[in-house]
1. Suppose we filter Gly52, Gly86, Gly105 for residues that are in contact with a Phe, Trp or Tyr (Cβ under 9 Å, 6 or more places away or on another chain), more than 24 Å from Thr243 (Cβ to Cβ) and outside any helix (DSSP H, G or I); which single one remains?
2. Taking Trp165, is it aromatic (Phe, Trp, Tyr) and farther than 30 Å from Phe41 by Cα?
3. From the list Trp303, Trp291, Trp268, Trp308, exactly one residue is surrounded by fewer than 13 Cβ atoms within 10 Å (Cβ to Cβ) and out of contact with any Pro (no Cβ under 6 Å at 6 or more places or on another chain). Which is it?
4. Going by the structure shown, is Val83 β-branched (Val, Ile, Thr), open to solvent by 30 Å² or more (accessible area, probe 1.4 Å) and touching a residue at least 24 places away in the same chain (Cβ under 8 Å)?
5. Please enumerate the residues belonging to the range 442-472 that are open to solvent by less than 30 Å² (accessible area, probe 1.4 Å) and not in a strand (DSSP E or B).
6. For Val214, work out the one condition from (1) at pLDDT below 95; (2) closer than 18 Å to Leu113 by Cβ; (3) open to solvent by less than 30 Å² (accessible area, probe 1.4 Å); (4) touching a helix residue (DSSP H, G or I) at 6+ places or on another chain (Cβ under 6 Å) it doesn't fulfil.
7. Just checking, how many residues over the range 332-381 are open to solvent by 10 Å² or more (accessible area, probe 1.4 Å), polar (S, T, N, Q) and not in a loop (DSSP other than H, G, I, E, B)?
8. List, please: which pairs have Cβ atoms under 6 Å, are six or more places apart or on different chains, and start with a residue in the range 98-125 that is surrounded by 24 or more Cβ atoms within 10 Å (Cβ to Cβ) and end with one that is of a type outside the set (Val, Ile, Thr) and not in a helix (DSSP H, G or I)?
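The values are calculated or read from the model by the stated rules, or taken from the named source; none is laboratory data. Not measured: the values here are computed from a predicted model. Counting neighbours? That spans all protein chains shown, and the Cβs are built from the backbone with ideal geometry, glycine included. The area values use the complete protein model at the heavy-atom level, side chains included, leaving out ligands, DNA and RNA. Shrake-Rupley method; radii C 1.70, N 1.55, O 1.52, S 1.80 Å.
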Amino acid sequence: MNHPARNASLPWIAVALLTASALLMWWPALRTPFWGDDYVFLHAAHATNAAGAPWWSDFWPSSPPRFWRPLSQEGYWRWIDAVLGGSAHAAHVVSLVLQALATVGVALFAFRLARACRWANAGRIAALAAAAYGALTMHLLPVHWAAAANNAMLTLFTTLLLAAWVSARDNATHRLRPLLLASLPVWLALALLSKESAALTPALMLVVAAFVVVRRLDRGELVAWLACVAVVAIWLSLRSRFTANTDASYDLSLGSNVLRNAASFVAWLLNVPREAMRMAVAGERMQGLAWIAATALPMLAAWAIAGWRGRTLLTPMQWWCVVAFAGLAYAPYFLFAWNSYEYYAAIAVILPIVVLARCVAADGTALVVAALIAASSWIAVEGTRRLDHPGLIGRAYWAEATLQALERQPVATPLHVSVADEQRFYAIGQMGLAWRLGVPPAQIHVARDCPASGTCLVIDDDGRWRWRPPTD
């Protein structure tokens, strides 16, 4: 016997499950201290604010930064310093709010896409897509690392752009259509000022247009799309003028790094945390492989169920668009020389997650898929939070405990620091010591070995620290 009312309620129970799971999973991130690049940006923002520099100077820098992200980094951190008083807790509240807004953007895009494709239950699909997106492991760093807030901003502006694009194409006679088309370059500019990968958005717009298959671009849409291409061209010109050489880890090259990054991309789509990959490659291999399996298998099952259920719900062209969207959105990261993080896939996964929601939103299958995603994410996130060094969050808490202990010590200048493990020390860094100990950065000298004379702070491989007394 069929129970339509009960079947209709099960997807909403799945939405509630994923939403509650995501909130509970990300709430502990509010206790995360500042670490790593947080101190670099905070120190620079405080100095800029103290100098009375105008806010527009972040958008037209006089000295070249490594990345030109004035909206999500320089300007954002000046706001954290001036308005939030440099509070780590307040900064992480903002990060969590930004992440919530990004999921709302995913919901809006999913809703407009469902309407344009004439799918039934558009509201249900949108809610399920947003809840599933918010529950994915790839948001681990953006909610635990204030410096990664740019990723949530990128997602928010990109989804708003894509929602406006789909809405404009869905109804060519709507009175708001000119406004929707005019908003596209604005959303793109905001995304570009948040993160570089937004430069690929015009290509994603074409993929989404092909997915909807309404018709060819008309004159208004073509003009709006070309305006977006022009915005990207202007941004590229300004970026080349403003930025200095980046770290070698961000160099683009063709080689074995492409295969490694492709494997990482698959891992991110399967909810595998970066620490599990590191552990399997360079640490405790069997534990790392077990962790990978525990996170990947439930997520793989969720993708497989959705794919099987939806094999006839989408046309072959639409399935190819899903693949193209994911590949294009992640395209620059395939070429990275070294760095690869889960949140790099935050844009690439949007259309696949919307399609997943479309495939399972009709009945109780949504509840099964939601439970699989929630289980996979909890195993990944809680495992990462509990992992000590070399886990990134573990290093953050080690850095905070070390800095709190050092704050209670008298500090002589110049301060020499001997670091045995640079990866561990990154969580503090020269700027972390400067900010927390009130020592000018120029008075802090970090090296592998202590100098022949003078007081030196020694930080061993295991994270223990001690003072080497003066020898002169």
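1. Answer to the check: Gly86.
2. Taking the combined requirement at face value, the residue satisfies it.
3. Just one listed residue meets the conditions, Trp308.
4. Taking the combined requirement at face value, the residue does not satisfy it.
5. Gly454, Gly463
6. It fails just one condition, (3).
7. 1
8. Filtered contacts from the range 98-125: Ile125/Ala361.
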